[in-house]
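Working notes for the structure below.
The values are calculated or read from the model by the stated rules, or taken from the named source; none is laboratory data. Since we're looking at a predicted model, the values are computed, not measured. Cβ placement follows ideal geometry from the backbone for every residue including glycine, while neighbour counts extend to all protein chains displayed.
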Amino acid sequence: MNPDPDPGAVFAKIARRYDRLNRVLSLGRDQEWRRSVMVRLPPGRLLDLGSGTGAARPLFGDRPAVALDPVSQMLALNPMTVRVAGVGEALPFSGRAFDAVFSAFVFRNLDSVGGALAEIARVLRPGGMAGIVDLARPRRKAAAALHRLGSAVIVPAAGFTIGAAAEYRYLHRSLDKLPPPERLYADAVLRETALRRLDLWRMGPLGFVYGVILIKEG
């Protein structure tokens, strides 16, 4: 089996077509899923972690927001005023710099979720909140098996239409990279940081999308 490509190389190649194809694959609901998380975050300075091309920017309102992404090809398309190259595991910001952190469809591509959570806790002010939305397999075994079979066919086929079948095969496999979100953000995991889980919910067909809200303990 060929090794998975570097995620940065994947997103660099598909940067200009990524958001458009996401809308097709989500049946136009990707922004709705982002919004369900954003509305729960407090006002104030916001970090958009893994901002990409800035698809979530219309949801931020008049908040002062910083876009962070490791892929320069993505950031070049991002309309946000403040754009910073960087990774979630080593945020280039001082402690307590943000009131909220938002991240959409990024966590399964991180090298270390634990490292990113520790960094989020560091840059949040006490009482600040993080909102994360991402994809995972459905909770029920039968639904997960059905979803895995469907994504193995549909996702690469969609990638083929934009000349990126190999890249979208990686995106299909990334859905199995991490534990279910109920375990990924369990109290025992978050205890290693100053974060506490306030809410976690499933969305989308078969519940393959999740949202989670974390708060930094004061």
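Quick notes on this one:
- Test result for Leu41, under 23 Å from Leu198 (Cβ atoms), out of contact with any helix residue (DSSP H, G or I) (no Cβ under 6 Å at 6 or more places or on another chain) and either modelled with pLDDT of 95 or more or not acidic (Asp, Glu) (or both): yes
- Whichever residue in the range 179-216 is in contact (Cβ under 8 Å) with a residue 12 or more places away in the chain and of a type in the set (Lys, Arg) and, among such residues, is nearest to Arg23 (Cα to Cα): Arg202
- For Val37: the one exception among (1) touching a residue at least 60 places away in the same chain (Cβ under 8 Å); (2) part of a loop (DSSP other than H, G, I, E, B): (2)
- Single unsatisfied condition, Val123 versus (1) surrounded by 15 or more Cβ atoms within 10 Å (Cβ to Cβ); (2) among the hydrophobic types (A, V, I, L, M, F, W, C); (3) modelled with pLDDT under 90: (3)
- The strands (runs of 3 or more DSSP E) located wholly in the range 55-138 that include 1 or more residues which are in contact (Cβ under 8 Å) with a residue 40 or more places away in the chain and under 17 Å from Ile213 (Cβ atoms) occupy 98-104, 124-135.
- Those residues of the range 123-140 which are of a type outside the set (Val, Ile, Thr), farther than 16 Å from Gly44 by Cβ and touching a strand residue (DSSP E or B) at 6+ places or on another chain (Cβ under 9 Å), in sequence order: Asp134, Leu135, Ala136, Pro138, Arg139
- Tally, over the range 196-218, of residues that are farther than 24 Å from Arg139 by Cα and in a strand (DSSP E or B): 2
- Top-ranked residue in the range 71-111 [being modelled with pLDDT of 95 or more and polar (S, T, N, Q); ranked as farthest from Val39 (Cα to Cα)]: Ser94
- Failed item in (1) at pLDDT 95 or above; (2) crowded, with 21+ Cβ neighbours inside 10 Å; (3) of a type in the set (Gly, Ala, Ser), with Gly52 passing the rest: (1)
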